[in-house]
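The values are calculated or read from the model by the stated rules, or taken from the named source; none is laboratory data. Values in this document were obtained by computation on a predicted structure and should not be read as measured data. For neighbour counting, all protein chains shown are included, and Cβ atoms are generated from backbone atoms with ideal geometry for every residue, glycine included. Surface accessibility is based on the protein's heavy atoms, side chains included, excluding ligands, DNA and RNA. Shrake-Rupley method; radii C 1.70, N 1.55, O 1.52, S 1.80 Å.
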Amino acid sequence: MDLNRFTQLSETAWRLEPREGMRVPAILYGDAGLIQDMDDKVAEQASNVARLPGIVQASYAMPDAHWGYGFPIGGVAAFDPDEGGVVSAGGVGFDVSCGVRTLLTGLDRNVIDAVRHDLAEALFGAIPAGMGSTGRIHLRDRQMTDMLRGGAAWAVKRGYGEPADLERIEEQGRMTGADPDAVSDKARKRQRNEMGTLGSGNHYLEVQHITEIFDPGTAEAFGLVKGQVVVSIHCGSRGLGHQIGTEFLREMAVVAAAHGIDLPERELACAPILSEVGQRYLGAMRAAINCALANRQILTHLTREVFAGVVPEADLALLYDVSHNTCKVERHLVDGRARELYVHRKGATRAFGPGHPELPEALRAAGQPVLIGGSMGTGSYVLAGTTASESLSFSSACHGAGRAMSRHQATRRWRGRELVDELAARGILIRSPSLRGVAEEAPGAYKDVSQVVQATHDAGLARMVARVEPMICIKG
């Protein structure tokens with residue numbers, strides 16, 4: 001991307017001035033190298049988002065941004081319903097509430113090293129992964145409705161986890177305002193046998209060890225100790241969320257014109273927040289958020305069962321669970337005035353700063369944990385939200401490394417078997433039902449997560465707390 005297109009605000013902030021119908025500027029975060037390497041479509045899509053009705057302040061793209069459907073992946077935008085603001089299914093994404101949760105084992109790396117192969121096999125046998133994977137839970141219609149309304153709280157009530165887990169989950173494990181009636185029969189059918197499954201793509205369960213602490217005070221508040229092992233789970237709402245996104249994108253493309261919305265491109269299909277379609281989508285999307293929260297809670301229970309059988313001394317207390325494909329109603333300061341906005345984050349993580357009232361009391365002084373997954377076989381990071389990110393990005397940060405090439409390109413360049421063997425030689429055990437899936441997620445297909453995280457830190461969106469390296473990776 002040509003840097004001359006931008007007004008440079010800082011070493012890590014770049015502004016596209018409003019033009020051709022843009023209501024607000026577009027601001028991209030990243031160092032010069034990251035911005036130059038981004039596809040031109042990122043700037044184009046961020047600019048198109050800036051043309052939507054009711055957008056507030058700016059259209060943002062995080063340092064891991066890359067081309068997506070409608071919104072760039074890594075895109076953030078907030079809309080005011082009182083100014084004709086819209087909700088866009090493409091601004092949330094197909095995998096609604098895809099997110100990450102991290103568990104603390106309290107164990108040193110050498111304890112896990114001694115049972116690494118046994119643990120890898122046990123996790124692979126217990127955690128259903130891959131395209132179309134199904135689990136041992138089969139939901140009837142009433143159970144489906146209860147799950148869509150109750151989220152992780154529903155799962156805990158059924159014995160999948162502990163009540164204490166809910167304090168460490170975004171929305172306390174249950175998204176209010178969910179409307180199970182807005183979820184189609186087809187979406188329900190797709191999810192009937194998929195609870196407690198990882199799915200495919202970039203979803204994973206990783207056993208990781210903490211290799212570096214950047215902020216000792218915050219790390220202590222988070223329970224992170226150098227040399228100890230954590231477990232991270234990355235997945236979302238599976239087939240249900242994808243079906244909801246597909247159906248509402250189609251419907252919004254039709255109703256946008258009826259509401260006088262001139263779409264820069266069809267993929268930006270949207271509806272006024274206060275319209276019937278907009279409210280129905282929000283109800284369905286919130287139900288999908290609950291589905292994802294329940295799914296990660298069940299996977300946590302399965303993981304704890306495995307550890308209890310292989311490493312019974314492990315604790316596996318939940319550090320935090322946060323989503324990165326959502327639209328949430330939040331209060332933010334804009335020009336010194338608190339406003340209730342609908343914040344779209346597509347491939348971006350909420351990053352509330354210290355003192356925010358929605359954070360658990362035990363974490364409030366430190367700020368929200370921001371869990372950043374690397375690519376398969378590379379390090380991941382734990383960050384913390386900052387006070388500055390409120391004005392910079394509606395309290396948002398990156399969500400991962402961000403793809404540098406398509407899955408098709410990756411499979412032409414790498415072979416899954418070779419990657420598994422190469423990573424095993426480095427001490428990283430990969431278990432997957434699909435060698436093609438492994439090739440699609442090759443480390444080289446992604447940006448350098450360390451560069452992305454450093455840019456996020458330097459921009460003030462979130463601050464670096466710790467780095468972790470993989471030991472075992474279960475993936476689809």
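Scanning the range 413-454 for residues that are open to solvent by 80 Å² or more (accessible area, probe 1.4 Å), closer than 30 Å to Ala32 by Cβ and modelled with pLDDT of 90 or more yields one hit, Asp448. Is at least one residue of the range 43-51 open to solvent by less than 30 Å² (accessible area, probe 1.4 Å), within 16 Å of the chain's Cα centre (by Cα) and closer than 30 Å to Thr176 by Cβ? No - not one qualifying residue is present in the range 43-51. For the structure I just gave you, tell me whether Val465 is among the aliphatic types (A, V, I, L, M) and open to solvent by less than 10 Å² (accessible area, probe 1.4 Å). When the stated conditions are applied, Val465 passes them. Which one is farthest from Ala89 (Cα to Cα) among residues in the range 40-68 that are of a type in the set (S, T, N, Q) and in a helix (DSSP H, G or I)? Checking each candidate, the answer is Ser47. Annotation note: of Gly173, Gly199, Gly177, the sole residue that is open to solvent by 10 Å² or more (accessible area, probe 1.4 Å) and not acidic (Asp, Glu) is Gly177. Take the range 225-241 and flag every residue that is open to solvent by 10 Å² or more (accessible area, probe 1.4 Å) and among the aliphatic types (A, V, I, L, M). Val225, the sole residue that qualifies. Name the single residue that is farthest from Lys186 (Cα to Cα) among those in the range 144-167 being open to solvent by less than 40 Å² (accessible area, probe 1.4 Å), part of a helix (DSSP H, G or I) and out of contact with any Pro (no Cβ under 9 Å at 6 or more places or on another chain). Restricting to residues being open to solvent by less than 40 Å² (accessible area, probe 1.4 Å), part of a helix (DSSP H, G or I) and out of contact with any Pro (no Cβ under 9 Å at 6 or more places or on another chain), the top hit is Asp165.
Residue by residue, here is whether (1) among the charged types (D, E, K, R); (2) in a helix (DSSP H, G or I); (3) touching a residue at least 40 places away in the same chain (Cβ under 8 Å) holds:
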{"position": "Thr105", "(1), (2), (3)": "no, no, yes"}
{"position": "Asn110", "(1), (2), (3)": "no, yes, no"}
{"position": "His117", "(1), (2), (3)": "no, yes, yes"}
{"position": "Ala129", "(1), (2), (3)": "no, no, yes"}
{"position": "Gly135", "(1), (2), (3)": "no, no, yes"}
{"position": "Leu139", "(1), (2), (3)": "no, no, yes"}
{"position": "Arg142", "(1), (2), (3)": "yes, yes, no"}
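The strands (runs of 3 or more DSSP E) falling completely within the range 280-392 that include 1 or more residues that are closer than 20 Å to Leu461 by Cα and open to solvent by 10 Å² or more (accessible area, probe 1.4 Å) map to 325-334, 337-346, 380-385.
As a summary of the residue check, Glu17 satisfies the conditions (1) open to solvent by less than 60 Å² (accessible area, probe 1.4 Å); (2) at pLDDT 95 or above except for the one numbered (1).
Considering the range 106-143, the residues that are small (Gly, Ala, Ser) and modelled with pLDDT under 95 include one that is most open to solvent (accessible area, probe 1.4 Å), namely Gly132. Can you run down the residue pairs with Cβ atoms below 6 Å, 6 or more apart or on separate chains, where the first is in the range 340-357 and under 10 Å from Thr387 (Cβ atoms) and the partner is open to solvent by less than 10 Å² (accessible area, probe 1.4 Å)? From the range 340-357, the pairs are Phe352/Leu359; Phe352/Gln368; Phe352/Gly385; Phe352/Ser395; Gly353/Gly367; Gly353/Gly385; Pro354/Gly367.
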